[in-house]
Amino acid sequence: MKGRKATCISAALGMLVLILDSKNSIAAASQGVDICIRTVIPSLFPFFVLSILLTGSMGSTSVLVPLEKLFRARGCGPILITGLLGGYPVGAQAAAQGYSSDQLSRAHAHRLIMFCSQAGPSFLFGMAASQFPEGKYAWLLWLVQILSALCVARMIPAPESDNITMAQASSITLSQAMRKAVSAMASVCGWVVLFRVILDFLQRYVFFPFPKSITILLSGLLELTNGCLLLSEIPSVALRFLWAALMLNFGGICVMMQTSSVIEGLKLKYYIQGKLLQTLFSLLISLAFLGYYAALMPVLILLFLPSRRILRKNSSIPAAFGV
């Protein structure tokens with residue numbers, strides 16, 4: 001009842017703001033649509049289609065075994081590749097697709113969404129790279145992201161009671177993949193437009209007391225694309241790099257909502273927990289790249305020491321993680 005009342009009040013206040021400040025709200029929504037057309041759809045839609053086709057006929061191959069061992073995700077190489085290359089929230093969608101097609105157990109799917117959904121190369125080398133004076137920063141950001149995701153994967157052991165065998169699913173047709181991709185893309189774009197309006201309101205009425213650099217970070221943690229577009233306004237390249245790493249690895253609240261719309265049957269809390277961990281690791285690794293090498297010690301210890309294999313009975317996530 002309290003949740004319904006809070007939703008009702010929030011919706012009423014939101015409608016009041018839209019009525020009183022309709023000119024700016026319409027302009028912000030138009031900017032959101034423009035971002036979808038120019039950036040989001042071109043960078044994500046082809047990957048949505050291909051990831052659905054890939055996971056629809058998924059089966060592990062020997063070529064991907066080293067990657068699967070590295071991430072402790074035996075048999076899930078196609079999902080890992082999709083997550084590393086596909087962009088938000090394609091990796092999480094691939095894991096959910098594997099679960100819905102009975103190729104993944106719920107426990108394995110929950111573990112995978114903690115680290116298999118990342119910002120894609122098209123976003124990193126397109127939008128993010130344009131905010132830096134040299135292309136090497138995009139490569140470093142991608143390396144930070146991969147290492148951070150690897151740390152999360154090494155920290156969260158796979159369920160011991162659930163030895164996974166990836167069976168070959170019934171083949172999915174291109175037209176079926178297209179329909180699913182269009183539906184997922186529409187949901188993603190809807191969230192981008194909504195959060196662009198919310199961000200515009202916050203920037204004008206809430207964020208104004210904060211320093212410019214903090215406002216940019218908060219904007220990126222709320223909505224990734226808009227935050228990255230503001231990075232060039234930070235004079236210090238080092239701070240720009242650090243902020244970019246945090247934004248990209250956290251993904252933003254908007255991406256969380258996008259993810260929630262493509263992981264039907266799975267719980268979003270595991271994705272959120274994984275992203276919080278990954279953001280922490282990205283901070284340590286980025287500081288090491290900037291010359292603060294002591295920050296890398298926890299990461300090295302985690303990567304080279306075996307993780308504790310402790311599972312709560314009848315749970316879909318390690319008990320050591322606290323859920």
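Of the residues making up segment 103-126, those that are within 23 Å of V182 (Cα to Cα), open to solvent by 10 Å² or more (accessible area, probe 1.4 Å) and not polar (S, T, N, Q) are P121, F123, G126. Would you check if S236 is surrounded by fewer than 20 Cβ atoms within 10 Å (Cβ to Cβ), of a type in the set (S, T, Y) and touching a residue at least 24 places away in the same chain (Cβ under 8 Å)? Against the criterion (surrounded by fewer than 20 Cβ atoms within 10 Å (Cβ to Cβ), of a type in the set (S, T, Y) and touching a residue at least 24 places away in the same chain (Cβ under 8 Å)), S236 does not qualify. Of all the criteria given as (1) within 21 Å of W243 (Cα to Cα); (2) touching a residue at least 24 places away in the same chain (Cβ under 8 Å); (3) open to solvent by 10 Å² or more (accessible area, probe 1.4 Å); (4) in a helix (DSSP H, G or I), the one not satisfied by P133 is (4). When segment 71-102 is filtered for residues that are in a loop (DSSP other than H, G, I, E, B), under 14 Å from A153 (Cα atoms) and open to solvent by 10 Å² or more (accessible area, probe 1.4 Å), the ones remaining, listed by number, are R72, R74.
Scanning segment 148-174 for residues that are open to solvent by less than 50 Å² (accessible area, probe 1.4 Å) and at pLDDT 85 or above yields S148, A149, L150, C151, V152, A153, R154, I156. The condition of being open to solvent by less than 10 Å² (accessible area, probe 1.4 Å), modelled with pLDDT of 90 or more, among the hydrophobic types (A, V, I, L, M, F, W, C) and more than 21 Å from L276 (Cβ to Cβ) does not hold for A177.
The values are calculated or read from the model by the stated rules, or taken from the named source; none is laboratory data. For clarity, every value in this text was computed on a predicted model and none was experimentally measured. Please note: Cβ atoms are built from the backbone with ideal geometry, for glycine as well, and neighbour counts cover all protein chains shown. These accessible areas exclude ligands, DNA and RNA; they are computed on the full protein's heavy atoms, side chains included. Shrake-Rupley method; radii C 1.70, N 1.55, O 1.52, S 1.80 Å.
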